[in-house]
Amino acid sequence: MGTINRRNFLRTSLIGGVAVAYARPVNAMVPFSENKKNLSSEASVAISTGDSRADLAFRALEPFSGQIKHDIGNRRVVLKPNLLTIDLQLAATHVDTLEGILEFLKSINKLDNVVIAESAAPGPTFEGYSNYGYHRLTDKYPVKLVDLDQEAYEVLYVFNQKDFKPHPVRFSRMMLSPDSYIVSVARMKTHNQSVVTLSLKNIIFGSPIKDIGFAFGPNRKKGSVTDKPIVHGGGYRGINYNMYALAPRLHPHLAVIDGYDGMEGNGPSRGTAVDHRVCVASTDWLAADRVAVELMGIDFAKVGYLNYCAQTGLGVADLDQIEIVGESIDKHIKPYKLHENIERQLIWMNPVS
């Protein structure tokens, strides 16, 4: 990191055009538990358990029926699954979770303008849709499957810790639009760079697009590129800072986190299954992610980007200020093994020298 100190780190990234709506300082050395003074509101999070993935999602959403219906209004509903892979179900959003959400939207008469939209990380999005059986949803519901790589985009700038310069990234205009009501349909997974991947990360890393024809491996079209790696910011500090900085513009209005079977160990794609059978939902995405971290038995102080968001009041992360609806947290905590490189990930907690 050379001789650039923390003050210059923040100054450079903000002046360089990182996509933030404000410029509150973030102290990477102070965990959220020691800095609760920024919070002034409360949130509700629903936890459901059971043996049906679709039913779990439906029941987790029921307590928020009135609020969700009101907040959707006349907006388009965008269900954003997590297709980190296009051929490994444990790493991707299950079709049954989406079906549970669609049934819920049907119950509140908000099924007339719904899309399922994604830019799959490794290859063609529609190939992932086919592999995971998403087309059965279009046969049953008036919902459209969308490949964000084929839609309009807007350029935002992110930070890179290696050169301290802003870097342009193409982000989906649909995901940024105020006319979209964004639903993050995520899975509980550990991560190799940010400890966990939950509702916020699903939105931020699904929103950067790639060229048509990009794929990992021999099927890649010559010259095609993906913008997703740029958001990783060149390392553990960069990825945490970029997610925090982008969160004011790229966040879900509704978080649904499927923990029917989560992933532990070397996530987000090489981990092993955890038979957990829970689902978390909230209209406060940070509160949902906070509860999911607790259910996974992970120390929240280790999750950099969520601590940054909590410190600057982007949502509620104090468990004392979160009303739990449905099942209790304590009865359903199942400790997840973290990634084998976890000690290196925690460099974000140390000062930049």
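Laboratory data are not the source of any read-out in this text; all were calculated from the coordinates shown. This is a predicted model, so every value here is computed, not measured. Using ideal geometry, Cβ is built from the backbone for each residue, glycine included, and neighbour counts are taken over all protein chains shown.
Couple of notes before you dig in:
- The chain: most fluctuating residue of Phe205, Phe171, Phe126 per GNM, C-alpha cutoff 10 Å: Phe126
- Beta bridges assigned by DSSP with both partners in the chain are antiparallel in approximately 50 percent of cases.
- Candidates Gly100, Gly73, Gly223, ranked by Gaussian network fluctuation over the chain, Cα under 10 Å, top entry: Gly223
- Placing +1 on each Lys and Arg Cβ and -1 on each Asp and Glu Cβ, with no other charges, gives the stretch 6-347 a dipole about its Cα centre of roughly 1220 debye.
- Computed over the chain: relative contact order in percent, which uses C-alpha pairs under 8 Å that are six or more apart: 26 percent
- Spin-label model, Asp55 to Ala273: label points 7 Å out along the Cα-to-beta-carbon direction sit 1.9 nm apart.
- Taken along the Cα-to-beta-carbon direction at a fixed 7 Å, the label points for Asp87 and Asp139 span 2.3 nm.
- Charge dipole magnitude, Cβ of K and R +1, D and E -1 - the stretch 240-351, Cα centre, debye nearest 20: 360 debye
- Where only DSSP H runs of four or more residues are counted, the chain gives -7500 deg cm²/dmol as its mean residue ellipticity at 222 nm, each run worth -39500 (n - 2.57).
- Order of Val158, Val143 under a 10 Å beta carbon neighbour criterion, fewest first: Val143, Val158
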